[in-house]
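K.L.:
Let me begin by handing over the structure; questions about it come next.
The values are calculated or read from the model by the stated rules, or taken from the named source; none is laboratory data. Keep in mind it's a predicted model, so treat the numbers as computed, not measured. Note that each Cβ is placed from the backbone with ideal geometry, even for glycine, and that neighbours are counted across all protein chains shown. Calculation scope for accessible area: heavy atoms of the full protein, side chains included, ligands and nucleic acids excluded. Shrake-Rupley method; radii C 1.70, N 1.55, O 1.52, S 1.80 Å.
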Amino acid sequence: MPSIIHCDIAVDEDDCEKLVRIIQGNILKIAEALAGDLQWYSQNAQLVPDSFQIISIQPTDNNRFKMLYDFSWNLFNPCLDLNETFTRREEVLFQVKSGALVFDVIDNERPSPADEL
């Protein structure tokens, strides 16, 4: 499932520092897609939206890049005396297209019981 950041960018852009600035400035637009479904960890898991940090961007092939990033999520359950924050490191592939960065985000939504049957 692609996630898109619309921006003023040329198809042949290969300046990784420029890509970092564009993505970091717009990361909240795709934050939930990049974090995925935190329900796999717990029903009480909550994304910490301002926690996304880009570690690196590396070119892979024709107008395609790999982005390594960190984000945090919080697990709070007062009944179990839990209030912890975890950091995850993930990577995603994206492509530079005319006027947009298109991220190849894997859909990891937890299946419903009906899907499991």
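K.L.:
Which of the residues that make up the range 27-44 are out of contact with any Asp or Glu (no Cβ under 9 Å at 6 or more places or on another chain) and either within 15 Å of THR85 (Cα to Cα) or of a type in the set (Ser, Thr, Tyr) (or both)?
P.N.:
LEU38, TYR41, SER42, GLN43, ASN44
K.L.:
Pick from the range 58-73 the residues that are more than 13 Å from the chain's Cα centre (by Cα) and of a type outside the set (Lys, Arg): which of them is nearest to LYS97 (Cα to Cα)?
P.N.:
ASN63
K.L.:
So, one more: For the range 39-55, what are the residues that are in contact with a helix residue (DSSP H, G or I) (Cβ under 8 Å, 6 or more places away or on another chain) and open to solvent by less than 80 Å² (accessible area, probe 1.4 Å)?
P.N.:
Scanning the range 39-55 gives ALA45, LEU47, PRO49, PHE52, ILE54.
K.L.:
Let me confirm something: among ASP50, ASP81, which residue is over 19 Å from ILE106 (Cβ atoms), over 13 Å from the mean Cα position of the chain (by Cα) and either at pLDDT 90 or above or acidic (Asp, Glu) (or both)?
P.N.:
Every option except ASP81 fails the conditions.
K.L.:
Also: So which pairs qualify, if the first residue must be in the range 93-114 and surrounded by fewer than 14 Cβ atoms within 10 Å (Cβ to Cβ), the second must be among the hydroxyl-bearing types (Ser, Thr, Tyr) and at pLDDT 60 or above, the Cβ gap must be under 9 Å, and the two must be at least 6 apart or on different chains?
P.N.:
Close Cβ pairs (under 9 Å, with a partner that is among the hydroxyl-bearing types (Ser, Thr, Tyr) and at pLDDT 60 or above) amount to ASP104/SER3.
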